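The values are calculated or read from the model by the stated rules, or taken from the named source; none is laboratory data. Owing to the predicted nature of the structure, the values given are computational and were not obtained by experimental measurement. With ideal geometry, Cβ positions are generated from the backbone for all residues, glycine too; neighbour counts draw on all protein chains shown. SASA here: full protein model, heavy atoms, side chains in, ligands and nucleic acids out. Shrake-Rupley method; radii C 1.70, N 1.55, O 1.52, S 1.80 Å.
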Amino acid sequence: MTSLDTERLLYRSQFILGPYFIEKFKSWNKINISDVIHLTVHPDLHTYQVAGKRKSITLLGYILDPNNPQDSDSDIINKLFHEIFNDTANYFKQTYNFGGRWILIVDDGKEIRLFTDPAGVRQVVYTDKNYTKDFWCASQPGTIAKILNLKMDNDAVNFINSFKRKNDEYYWPGDSSPYKEIKHLLPNHYLELKEGSYHRYWPDKAFNRISFEQAIEKCSHYLEGLMISASNRYNLILSLSSGWDSRLLLASCKKIKNKCSYLTEIKDGMTKNHPEVAIPNRLLSKWNLKHDIVTFPAEIINDDFKKVFYKNVPFAHDKWALKAEAYFNYYNFNNVDVVGTVSDIAKCFYYKKVSNNNKITSLELSKLLGVENDKFALSYLNKWIMGIGEIYNYNVLDLFYWEQRAGRWVATNALEFDVGRQDIFIPYNCRTLLIDMLSVNEKFRKPPGYKLLKKMISNLWPEVLSEPINPHKKVSILNKFKRKLRILLQSILKGPTHK
């Protein structure tokens, strides 16, 4: 069995922020944020800091500007440093156009604020000042717990073990974690590091409705610009299925199609003839584009990899461990994986699942997560509802998907996969893009037609619509309808029963 560089893989691409450096991680980078705030950063997590006149901006991860695709991290952060400190009122708005997977720590000479990319895909957890003397942040709660000698909360452990039995892609509700002393920084919120306080900064105003035609042009521009920007930095590999989200990402690759490679995974029970595999293969063959079709193993092959994977994050997912090792063996940190998650924020994902959108309760939200009536979940979901405040004309269900499903499930997925791939790129993870998509009348965003997505595809690269989108799902829906109709007709023909 091949031995691994377990020192490199342990807590790969993670960080720890607190009142002192963590000296036991000797190969990790050490960065001063202030005299009393210090960053210890795994060497594979890119950092950049610009400072001057007792002010600074520190970047963890990578950041992309779709309007200037040639710009590097340093170009963007240096421009941002100048713009922020000439107009401090637009503290967060200056970042709305950016994509990537990043954390920014901004010291304006008075406050030191930490915030993440729009969907919080570069994950942050922090200590609750009601429980701990010192303030700590990290990529995941396990490292803080070791430093502070914290014990897991029994209620949290019981909850997650119960959730695991129902859903193999389980995630934490609200801002909870396995430790009552540690919370998760949700998207649209920031931390003030001097005080150790937590604040919402978005939504900050109502959105203006834009026309269907405007949205097509604006959203297409941002997606294409983000793909070009990322392709200037990394070897991209687009995960392609027969679905809407990845098809739109393929369309946004038209100008760089030969710079990318493409991956389709064969999931449980599939063959190469399944539409999820066959359609991407037919599409890509039309332009002679490289297409990797990957079957993941049924179990982890390398015991060293397995040990590191489960050590890197508390309650790591068995399902994701298999894929992480497959990516590690297949690409060896040479490719950034491009995926189509986060877009569901603007696709009315929860609309049909809730009876009354105007009065959302913690019970309704627990049903959406599949943990109905669980006391632990209800307490954190109620806390989320109470902390919403003014959301203007945004739909609370869109905000819930943004901060819970994307902010918790997607972020956890990305973190666990850091042990197996160079990084992840989610082109839809751009605030301006998401706001523009949400600003379109919902009739253009809803399934099954997804008219906005279809028109964007046609606008960017119409030829990729030459193959059907999710034909197997349409057949499934039709079969369900036929079954219901058959049952209804049988009941009518049978007639009423009399006692």
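Worth pointing out:
- The coefficient of translational diffusion for segment 39-197, derived via Stokes-Einstein from the alpha carbon Kirkwood radius under 10 °C and 1.306 mPa s, stands at 93 µm²/s.
- Placing unit charges on the Cβ atoms of the charged side chains and taking the dipole of segment 1-143 about its Cα centre, the candidate lying farthest along the positive direction among ASN29, ILE84, LEU104 is ASN29.
- Solvent exposure, largest accessible area first (probe 1.4 Å, DNA, RNA and ligands not counted), of LYS55, LYS146: LYS146, LYS55
- Ordered from longest to shortest, the equivalent ellipsoid semi-axes for segment 245-284 are 22, 9, 9 Å, each the square root of 5 times a Cα gyration tensor eigenvalue.
- Segment 146-194 and segment 70-100: distance between their alpha carbon centers, rounded to Å: 31
- Couplings 3J(HN,Hα) for segment 200-214, derived from phi with the Karplus relation 6.51 cos²θ - 1.76 cosθ + 1.60 (θ = phi - 60°), are 8, 10, 8, x, 10, 6, 6, 7, 9, 4, 10, 6, 4, 5, 4 Hz, where x marks Gly and Pro.
- Kirkwood Rh in Å, taken over segment 385-452 so that all alpha-carbon pairs contribute: 14.1
- Rounded to 10°, Cα long-axis angle of helix 471-494 versus longest principal axis of the chain: 50
- By definition, a body whose alpha carbon gyration tensor gives a ≥ b ≥ c is oblate when a/c is 1.5 or more and a/b is not larger than b/c, and segment 302-342 fits this oblate description.
- Carbon/sulfur fraction of accessible area - the chain, other protein chains in place, 1.4 Å, %: 49
- Semi-axis lengths, Å, segment 34-88, gyration tensor of Cα atoms, sqrt of 5 times eigenvalues: 20, 18, 7
- Sites THR132 and ASN161 - FRET efficiency at Förster radius 25 Å, r taken between beta-carbons, to 0.05: 0.50
- Three-way shape call for segment 272-354 based on the alpha-carbon gyration tensor, with the a/c threshold at 1.5: oblate
- Restricting the calculation to Cα atoms, every distinct pair contributes to the Kirkwood radius of segment 103-221, found to be 16.6 Å.
- By accessible area with a 1.4 Å probe, ligands and nucleic acids excluded, highest first: order of ARG200, ARG101, ARG8: ARG8, ARG200, ARG101
- If R0 is taken as 41 Å, the Cβ-Cβ distance between GLU7 and HIS472 corresponds to a FRET efficiency of 0.40.
- Cα principal axis extents for segment 348-391, largest first, Å: 26, 25, 14
- Against the chain, whose longest principal axis comes from its Cα atoms, helix 73-84 is set at around 80 degrees.
- Alpha-carbon gyration tensor eigenvalues x 5, square-rooted, for the chain, Å: 36, 28, 26
- Segment 321-386 gives an Rg/Rh value of 1.19, both radii derived from C-alpha positions and Rh following Kirkwood.
- Once you reduce segment 312-362 and segment 199-265 to the center of their Cα atoms, the two points are 17 Å from each other.
- Taking all pairs of distinct alpha-carbon atoms in segment 14-133, Kirkwood radius in angstrom: 15.1
- For the chain, the relative contact order comes to 19 percent (Cα pairs under 8 Å, sequence separation of at least 6).
- log10 of Debye I(q)/I(0), alpha-carbon scatterers only, for segment 208-356 at 0.09, 0.15, 0.17 Å⁻¹: -0.38, -0.96, -1.13
- nm² value of the averaged projected area, convex hull over the Cα atoms of segment 318-457: 10.2
- Estimated FRET transfer efficiency (ASN382, TYR351; beta-carbon r; R0 22 Å; 0.05): 0.50
- In degrees, nearest ten, helix 318-331 long axis to first principal axis of the chain (Cα): 80
- Average accessible surface area per residue within the chain, 1.4 Å rolling probe, Å²: 45
- Computed [θ] at 222 nm, helices only, for the chain once each DSSP H run of length n ≥ 4 contributes -39500 (n - 2.57): -10500 deg cm²/dmol
- Fully extending the segment from ASN373 to HIS274, taken as 0.36 nm per residue of separation minus the present Cα-Cα distance, adds 31.8 nm.
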